[in-house]
Amino acid sequence: MSVTRHKPPTPSSDKRWNLVNAAMRRNGYADHALIEALHSVQEAFGYLDETALVYVAESLDLPLSKVFGVATFYHLFMLKPKGRHACVVCTGTACYIKGAGGLIEGIEGRYGIQPGETTEDNALSLLSARCVGACGLAPAVVLDGDMLGKQTSEDLLARLGGLD
Ligand code: FES
């Protein structure tokens, strides 16, 4: 007997959810897809936040407590950072070739933080992602949810300097 699963709507029109959906679909929306689904969120978004955890839980028909438990248990998963602003630098192949390393070095040089870290004043968190789904715009950065394409270190530092 086939069971019709409840498929929740994606949390937003952000195309990166397609990457997450594809990972879950590949696993037939089975329970064991959980770790793979969380990986795909982290690779596309740079971290896991509550919206993503709720979405994955609903998609896989799992209790949120279980999804949250797995996300916090495994050190390889990064929960939403505490900085007021989150800067996710894509370090996937296309972006790496186009200079993502220089973007990270620029931020390290000015703010003294590495991917996964937050400035002492909690203003900025730096993260990296494996592919944010915008390879044509490499090197790509997602700043507070906004996709920024073809970034240079100067562009990015200027934009970060203008944040409150
Ligand atoms: S590798 Fe950076 S967007 Fe795909």
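The values are calculated or read from the model by the stated rules, or taken from the named source; none is laboratory data. What you see is a predicted model, and the numbers here were worked out from it, not measured in a lab. Note that we place each Cβ from the backbone using ideal geometry, even for glycine, and neighbour counts take in every protein chain shown.
When Val132 is tested against the conditions (1) part of a helix (DSSP H, G or I); (2) surrounded by 14 or more Cβ atoms within 10 Å (Cβ to Cβ), the lone failure is (1).
The one condition from (1) within 14 Å of the ligand (Cβ to nearest atom); (2) touching a residue at least 24 places away in the same chain (Cβ under 8 Å) that Leu137 does not meet is (2).
Phe73 meets each of the listed conditions (1) surrounded by fewer than 13 Cβ atoms within 10 Å (Cβ to Cβ); (2) closer than 30 Å to Leu157 by Cα; (3) of a type in the set (A, V, I, L, M, F, W, C) apart from (2). Condition first: small (Gly, Ala, Ser) and surrounded by 15 or more Cβ atoms within 10 Å (Cβ to Cβ). Now tell me which residues in segment 10-29 satisfy that. Answer for segment 10-29, where residues must be small (Gly, Ala, Ser) and surrounded by 15 or more Cβ atoms within 10 Å (Cβ to Cβ): just Ala23. When the test is whether a residue is touching a Gly at 6+ places or on another chain (Cβ under 7 Å) and at pLDDT below 95, Ala71 does not pass it. Looking at segment 36-46, is at least one residue assigned to a loop (DSSP other than H, G, I, E, B), within 16 Å of the ligand (Cβ to nearest atom) and in contact (Cβ under 8 Å) with a residue 60 or more places away in the chain? Yes, because at least one residue in segment 36-46 is assigned to a loop (DSSP other than H, G, I, E, B), within 16 Å of the ligand (Cβ to nearest atom) and in contact (Cβ under 8 Å) with a residue 60 or more places away in the chain. For segment 108-123, the criterion of being part of a helix (DSSP H, G or I), at pLDDT 95 or above, within 8 Å of the ligand (Cβ to nearest atom) and in contact with a strand residue (DSSP E or B) (Cβ under 9 Å, 6 or more places away or on another chain) is met by no residue.
When Val89 is tested against (1) assigned to a helix (DSSP H, G or I); (2) in the same structural domain as Val141 (by TED's automatic domain parsing); (3) within 16 Å of the ligand (Cβ to nearest atom), exactly one condition is not met: (1). Count of segment 30-39 residues, restricted to those that are crowded, with 19+ Cβ neighbours inside 10 Å and in contact with a Lys or Arg (Cβ under 9 Å, 6 or more places away or on another chain), is 2. Among the conditions (1) within 19 Å of Leu163 (Cα to Cα); (2) more than 14 Å from the ligand (Cβ to nearest atom); (3) in contact with a Gly (Cβ under 7 Å, 6 or more places away or on another chain), Asp144 misses just one, which is (3).
Under 7 Å by Cβ, and 6 or more places apart or on different chains, what pairs join a residue from segment 57-79 that is in contact (Cβ under 8 Å) with a residue 40 or more places away in the chain with one that is in a helix (DSSP H, G or I) and surrounded by 11 or more Cβ atoms within 10 Å (Cβ to Cβ)? The qualifying pairs are Ser59/Met24; Met78/Gln42.
Going through (1) within 17 Å of the chain's Cα centre (by Cα); (2) closer than 21 Å to Ala134 by Cα; (3) not hydroxyl-bearing (Ser, Thr, Tyr) one by one, Arg84 falls short only on (2).
Check Ile104, Ile97 and return the single one that is within 16 Å of the ligand (Cβ to nearest atom), surrounded by fewer than 15 Cβ atoms within 10 Å (Cβ to Cβ) and in contact (Cβ under 8 Å) with a residue 12 or more places away in the chain. Every option except Ile97 fails the conditions.
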